[in-house]
Every structure is written in structure tokens, then in C-alpha cells.
There are 2 protein chains.
Amino acid sequence: MPAQQISVADPPISNPEQSQLISRINGYHRIVILTEAHTNYQYAKTAIALLRYRTADVVAVLDSTQVGRQVKDLIGQGDGIPIVSSMKELDDVDALFVGISPSGGRLPAAMQAAIREAIEAGIDVVSGLHDFLSEDVELKQLAEESGSTIIDVRKNNCREVARHATFNPQCLRIHTVGHDCSVGKMIASKEIELELIRRGIDARFLATGQTGIMIAGNGIPIDCTVSDFLNGSAEQLVLDHQHHEIVLIEGQGCITHPAYSGVTLGLLHGSAPHGLILCYEAGRETVKNLDHVPIPSLKQFVSLYETIASARHPSKIIGIAMNGRRLTPEEGELEKQKVSAELGLPVCDVFRDGAAVLADAILEFQKEAV
Amino acid sequence: MPAQQISVADPPISNPEQSQLISRINGYHRIVILTEAHTNYQYAKTAIALLRYRTADVVAVLDSTQVGRQVKDLIGQGDGIPIVSSMKELDDVDALFVGISPSGGRLPAAMQAAIREAIEAGIDVVSGLHDFLSEDVELKQLAEESGSTIIDVRKNNCREVARHATFNPQCLRIHTVGHDCSVGKMIASKEIELELIRRGIDARFLATGQTGIMIAGNGIPIDCTVSDFLNGSAEQLVLDHQHHEIVLIEGQGCITHPAYSGVTLGLLHGSAPHGLILCYEAGRETVKNLDHVPIPSLKQFVSLYETIASARHPSKIIGIAMNGRRLTPEEGELEKQKVSAELGLPVCDVFRDGAAVLADAILEFQKEAV
């Protein structure tokens, strides 16, 4: 149940100059997504989300190794959108978006040529990597000559120290948390926002990662803040948006993730959610990219997240977002029933079914929480 | 029971250029500590530690607002070390150390003149602030002209993603954790190291904060890494030093701290300690600088730290470091007995009594843990 939404401008966050740059992202309507040699589910998380939420803005996917194949077959989104081998095949492109989110955030060598070509042609480039393209001396020079703008969405100068702020008591804070990385926290947050908006509620998705920011044209790249300002950046994000009735704060990582648990906790404590949506992928038993690390049970996560979140503000898990990509629809139904019975919580697969079940749970919870 | 120790060189960490710069810190033996208008217990944490662990290297404290008073009366360390109003009163100074660690890491305006004066005189400047002095265009220019070197110990280019590494099973990892910031985690780690070394054990203090780095001439400024590399930087710190028999990993923040819990957890999971020393200040009931935030009980912290640490590696609290600065020695004795009975753990005040009690506990624990 994908849907388009044009984001309404919110107040700028933190560094005004960077916010202004980020806000340009909503103005692109002829986007090419670069996935060169990385057009698969494992890597192309950013591409998948752009194809799902900015479908009408995407004119092509650029991957010279996959020409002739269908985008949809490769990454499950983007029906009818062509794969091209060069920007030269297209007219009037206004931006090239780097469509991957690799661990560590480095630019794969295979993508360098296409990025340079776009910049030379005066086309803007949007990237969510830790390697800031706008700080590459050569690319910067080329961009100045051609008039291209390079937007590194992870670049930030967040310097807020969290102060355990008193939030607007009328604004319900809902946060997605996960049993691992890349299980659909961003998509769950976004789908819940869209469902609530459909019902006429003033809900707002708050992006905390590079992909979310590319979709919303707004947000904080929480994993790229300086660690001392991690909690503070999350707190500021909520303070800047708490005029909405419900905010859906995009989660990151996992509270037990060997590499990212610090980010997860900083975001959790900084945003002080009333309610949590626990996201998981059915059938995933080990941490992504770390096959030697088993994932704890959902029951353990419910206990762990509620305990640690409540150290900042009373908080509980109110629903489960099940990512059923490895399951048939029938298997998915059985899985949802099983988990719902085990945890005593509503469960849904937002990708397949939309987020109505979770929206119901949130509105019910709202009555007791705010 | 303070003691001097000349650090032995360890392998460089992460960015070799920055490590080389940091390693110069051990070579300074005529240091002035700058605490201008901030010579008190609240702010001058870095000064206190330098006066305690590098006593023989410190020639003066610089604070034009406190001339004529005794350093020891103001911050409890530094017997006989003078307070001066200008560097001009001193000969042969080799470095000016910024002696404060304010929340947010900004340079107080009152300190600017002294820093500029030192740089103009060709004296090196060592700073642990988030405001990097070496990136200030004017100071950089002055330093180039005078031959002064500016060392920002928090500057780093850590890009390690934690991979849940298998550590050397012969190396015992001990980590100090706290019920708040600034309760003595660094001092507890350092005193335990010194006590173990006195007993002939190959123990090593691993600095994770600016003050610890200024004392050790080595370490990782964990709170200034990019958040995505927080756990990874901590993991790398251990990997680089696990040829020692026991490593004492300096803790940061607190697992429930509104502003710093993300840093605390990243460090805890990245360093995967076998054993934890819980540090607290007797009589402190609210979070430092956040009087509206109560601190949970020690019992709650034992449970919370053991639960969350063990998600990465089996871990338990093996001793308590009580900071008794608000108590008389008699009150301190009663406090230690009370807490020891309540938690069933050894308790000591490392500042007053040294760390023998905790060293005993660690050596006992070593028999079962490695």
C-alpha cells in the first residue's frame, strides 16, 4: 500500500545553511538513482525507499551491470522504471541520488565515474555516505565549474547537549525500534504517518537517517552526529516538531547491535518516546553482516527496550511491525498470529498490508498516554 | 595515594598522524594548566587529574582571578604549585594545557587571551574541547608563525565499524561505569592500574576521554567520534591493547544520563568488558547540571548495567568505587559498610584509600573469567 506524499516544510533544524540545502531535496522531480553494481536488496536500501515514496519523481535507475533487467525484479519496487547504463540516455535529469547505504558509509569505486559525469553535466548529486562528496577537492572544483550542487545529507554541525527537556504534553511521541539494522523501521514509521494522515490526523514522520531525510527533505542524520551530541540532536529534533499531534521518530540500529547500539540508545533517550513499535524481520536469526552474532528473542527485546527506554520516560511497546519479505502471504499470516499470541500485541506487515493495525494501536494508546 | 607514572608507548590507534601528535603529550615536563575563571571542582576536572597524575610536570596554574590563593584549597590537588596571572611570570614553559571539561566543550571567552599569548610565544597548547583550536584560522596562522603546536586531543578520524570481534581470551577487560558524569571513573581506572602495576601485573589504563588522554598520552576520545563509529572505536581500542594481561577501560557518562547514555552504551558494548566497577558519588541525588533529573539507586544500576552489558558479552559488577568528597572520613567508612552490605560487593574510595580493595576483587574475578 505505497503512497506519495509531498512533505510540508517544517522549521529548520540545527545548522540553517545545511537545512536549507537539505530542503532542496523536495524540489527534485526528475531523479536518477545510482546503484551501479549494487542493485540488490542487501545494498540498495535507499533506492528501495526512494522508489516506494518518490515513485513519480524517479526517471531511471543507473546500473551499467544490470541493463535490460527490471528494477522491480531486482529490488521489489519501481514497476516500469528503466535501468540505464549512462545519464546520457536521459533528458532533463535534475538530480542523481546515490542509492545505497553501506555499513561504514564509503563510496564504492564503481560509482565514482557516474558521479563525476553527473557533476560535469551540471546535475545535482545527493548522497547519504559518510564520505562527504562535497569535501572531495576535485568534485568540489568540478561542481563549481558546472553549477552542480552536491548535497551530503549526513553532513551536520549538531552541537545540542540534551537537557532532559520537558516536551509538549499534547504531542504523542512514537518511536520505531528493531531487533537488527535494515528490518524496516523507516518504512514502518513512514507507513504509519501516511495512514494517520489519511485519517485526518496531524502526524509527522521525523527522519533520523540518510534515506529518511532524502524522502522527507528534513531530519537529522543521527548516526553522523558527534557522539557527545547524539542524545541532544534527537531531543532537538522532537523539540522542533512537537507542534504536531503525533510524531513518528524513525529508529536506528538495535539496542544489542555490536556496532550501532550507542546510536540506538542515544536516539531512544533523546527522543523520549511514549510508545514503541518493535520492528523485526521474520526468519532473520543472526545480525546483518555478522553471521556469528545471534539475535535475541522478541520477548527479550520487549523487556530490554521497555526497561532502558523507561529510564528516561515511561515507555512501552504497543505494536509489532513484522517484515515478511522471506515469507509467502500465507506464512506471513501464520507468523503474525503466532507472534501476536506470544507477545499479546498487535502485529502487522506494513509493506504488504499497510499500517492500519498499528495506527489503531497508536490511537488507542494515545488516550492513556497524553 | 596518588602516584606518578611515565606511560610506556603502546601501538598507535586509528589515525597515525593524530596518534603521533597525541604521543607528544608525554614529552612535556614544564606544563602550565589554564583554568582562568574556572578554578573550582565543578569545572576543573582536567586540572585536578593533571595535578594528581603529572604533579612533577606542572609548574603553575594560570588563573588571573585567583592569584594569591592556593591551588590545593580550590581544587584539592597541587600542594605547593603556584597560581599565576600570566605566562610571562614563568620561564621555560613547554605547554599550556586547557584545564577544563565543560559540557558541550566550548572555549570560555575568558581563556582566549591566555591561549593566544601562549601561541604567540611559541608554546604548545593542548586542549580537550570540542571547539578545535587547531581549526581556528587566526590561531593556526599565529602557531605557524611562532612554531607552536596545537594539539586537540578530541580530534580524531575514527572510522572503525564494530564487528563483534573475538578478543584475546588471556586479556581481562575491566570497565568503569557510573551513576552519573564526573564521579571518578577515570581516577578509579587509573588508581586500579597503578595498584596492579605495583603488584607486578601487566595492567594498562585505556583512556577514552580528553583528560585520560592528556595523562596517558594515548587513547580514543570516544565522545568525539562520529556516532556510527562509536562502538567500533571502543572495540578497536581494546584490539590495539589486548596484549596486556589486564586492561582498565575508562568509562564515560552513565547508562541513564539524558545527554550521554549513547556514548556510555557504545563504549560498553564496543569494549565488551568481563567485569565492571560501578563508580558513584555519595550524596549525589540528581544528575550533574540537571537538578530536575533524579539519579536511580545503585541497586537499579547494578541490574541495568549487568543486563545491558551482557547482551554483548557475559559481564558483572565486581566492585564499587565510592567517591566520598562530600563526606568526612568517618562518614565515608559508614557509607562503604552500608553499600557493601546492601550490594554484597567490595567498596572503596580510591581517592582516599587507593585501589587495593578493588585490585583484590579484580584478581579474584580473573580466576573465573579468563
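Taking a label point 7 Å from Cα toward Cβ, how far is B:Ala109 from its twins in the other copies, in nm, shortest first?
Relative to the other copies, B:Ala109 has label-point distances of 5.3 nm.
Between helix B:329-343 and chain B, what is the angle of the helix's C-alpha long axis to the longest principal axis, kept within 0 to 90° and rounded to the nearest 10?
For helix B:329-343, the angle is close to 40 degrees.
Would you mind estimating how fast region B:172-369 diffuses translationally, via Stokes-Einstein at 4 °C and 1.567 mPa s with the Kirkwood radius over Cα pairs, in µm²/s?
On the way: Rh = 16.5 Å.
The diffusion coefficient I find is 78 µm²/s.
Compute the angle between helix B:261-271 and the longest alpha-carbon principal axis of chain B, please, reported from 0 to 90 degrees and rounded to the nearest 10.
70 degrees
Would you list the P(r) distribution for region B:41-99, with all Cα-Cα distances sorted into 10 Å bins from 0 and each bin expressed as a whole %?
Values per bin, smallest distances first: 23, 62, 15, 0.
With labels modelled as points extended 7 Å from the Cα through the Cβ direction, what inter-label distance (nm, one decimal) is found for A:Arg199 paired with A:Arg69?
Placing both labels 7 Å beyond Cα along the Cβ direction yields 4.0 nm.
Relative to the compact globular guide of 2.2 N^0.38 Å, what is the alpha carbon radius of gyration of region A:16-152, as a ratio? Intermediate results must be reported in sequence, preceding the final value.
Values: Rg = 13.8 Å, N = 137, 2.2 N^0.38 = 14.3 Å.
Output field value: 0.97.
Using a Gaussian network for chain B with springs between C-alpha atoms less than 10 Å apart, which of these wobbles most: B:Ile100, B:Ile201, B:Ile123?
Top of the fluctuation ranking is B:Ile201.
Given R₀ = 51 Å, FRET efficiency for A:His313-B:Asp91 by Cβ-Cβ distance, to 0.05?
Computed FRET efficiency for A:His313 and B:Asp91 comes out at 0.35.
Quick one: compute a quarter of the convex hull surface over the Cα atoms of chain B and quote it in nm². Each step should come with its number before you reach the end.
Working: hull surface 69.0 nm².
Mean shadow area of the hull around the Cα atoms is 17.2 nm².
Using only Cα positions of region A:149-227, each an equal point scatterer, no hydration layer, compute I(q)/I(0) via Debye at q = 0.22 Å⁻¹ and quote the log10 values to two decimals.
For the requested q values the scattering log ratios are -1.22.
Determine, for B:Glu250, A:Glu281, A:Glu331, the number of other Cβ atoms within 10 Å of each Cβ, and report the residues in order from fewest to most.
On the way: B:Glu250 29, A:Glu281 21, A:Glu331 13.
Placing the least packed residue first, the sequence is A:Glu331, A:Glu281, B:Glu250.
List the pairs from A:Lys45/A:Lys367; B:Lys72/B:Lys185; A:Lys185/B:Lys190; A:Lys316/A:Lys338; A:Lys288/A:Lys367; A:Lys299/B:Lys155 whose alpha-carbon separation is above 32 Å, in the order I gave them.
Values: A:Lys45/A:Lys367 35 Å; B:Lys72/B:Lys185 21 Å; A:Lys185/B:Lys190 41 Å; A:Lys316/A:Lys338 20 Å; A:Lys288/A:Lys367 37 Å; A:Lys299/B:Lys155 41 Å.
Correct reply: A:Lys45/A:Lys367; A:Lys185/B:Lys190; A:Lys288/A:Lys367; A:Lys299/B:Lys155.
Pick from B:Gly76, B:Gly275, B:Gly232: which residue has the top mean-square fluctuation in a GNM of chain B where Cα pairs under 10 Å get a spring?
Among B:Gly76, B:Gly275, B:Gly232, the largest mean-square fluctuation in the Gaussian network model of chain B belongs to B:Gly76.
With r defined as the distance between the Cβ atoms of B:Glu364 and B:Ser303 and R0 fixed at 22 Å, what FRET efficiency is calculated, to the nearest 0.05? Before the final figure, lay out each step's value.
Numbers: r = 22 Å, r/R0 = 1.00.
Computed FRET efficiency for B:Glu364 and B:Ser303: 0.50.
Tell me which residues come under 5 Å, amide H to amide H, from B:Leu107 once H is placed; ignore anything under 5 positions away on its chain.
B:Asp131
Give me the log10 of I(q) over I(0) for region A:123-265 at q = 0.09, 0.10, 0.12 Å⁻¹, as the Debye formula computes it from C-alpha points; what are the numbers?
Rounded to two decimals, the profile gives -0.31, -0.38, -0.54.
Run through the DSSP bridge list for the protein assembly as shown and note the antiparallel percent, rounded to the nearest 5.
Working: 5 of 81 bridges.
For the protein assembly as shown, the DSSP antiparallel bridge percentage is about 5.
Given just the C-alpha atoms of region A:237-352, how large is their convex hull per residue in cubic angstrom?
Working: hull volume 13.5 nm³, N = 116.
Cα-based convex hull of region A:237-352, divided per residue, equals 117 Å³.
Report the label-to-label distance for B:Glu138 and A:Gln141 in nanometres (one decimal), using points 7 Å from each Cα along the Cα→Cβ vector.
Each label point is offset 7 Å from its Cα along the Cβ direction, giving 3.2 nm.
From the label point of A:Ser310, set 7 Å from Cα along Cα→Cβ, how far away are the matching label points in the other copies, in nm, ordered shortest to longest?
The projected label point of A:Ser310 is separated from its counterparts by 1.9 nm.
With springs connecting C-alpha atoms under 10 Å apart, model chain B as a Gaussian network and identify which of B:Leu139, B:Leu90, B:Leu248 has the largest mean-square fluctuation.
In this elastic network of chain B, the residue with the biggest mean-square fluctuation among B:Leu139, B:Leu90, B:Leu248 is B:Leu90.
Using a 10 Å cut-off around each Cβ, can you sort B:Arg24, A:Arg163 from fewest to most neighbouring Cβ atoms?
Working: B:Arg24 15, A:Arg163 18.
Going from sparsest to densest Cβ surroundings: B:Arg24, A:Arg163.
Can you give me the orientation-averaged projected area of the convex hull built on the Cα atoms of region A:191-276, in nm²?
That works out to 5.6 nm².
Say a label goes 7 Å from Cα toward Cβ at A:Thr166 in every copy; what distances in nm does this one have to the rest, shortest first?
Result, one decimal in nm: 5.4.
So what are the radius of gyration and Dmax for the Cα set of the protein assembly as shown, in Å?
Final numbers for Rg and Dmax: 26.7, 83 Å.
Can you give the average number of partner chain beta-carbon atoms within 10 Å of each beta-carbon in peptide A:250-258, as a whole number? Provide the component values of the computation, followed by the final result.
Details: counts 0, 0, 2, 3, 1, 4, 6, 6, 14.
Taking all residues of A:250-258 together, the mean is 4.
Given 37 °C and 0.692 mPa s, how large is the Stokes-Einstein diffusion coefficient of region B:72-192 in µm²/s, with Rh as the Kirkwood radius over Cα pairs?
D, rounded to a whole number, is 186 µm²/s.
Computed from the coordinates by the stated procedures, all read-outs in this text should not be read as laboratory data. This one's a predicted model, so the numbers in the text were calculated from it and none came from an experiment. Note that each Cβ is placed from the backbone with ideal geometry, even for glycine, and that neighbours are counted across all protein chains shown.
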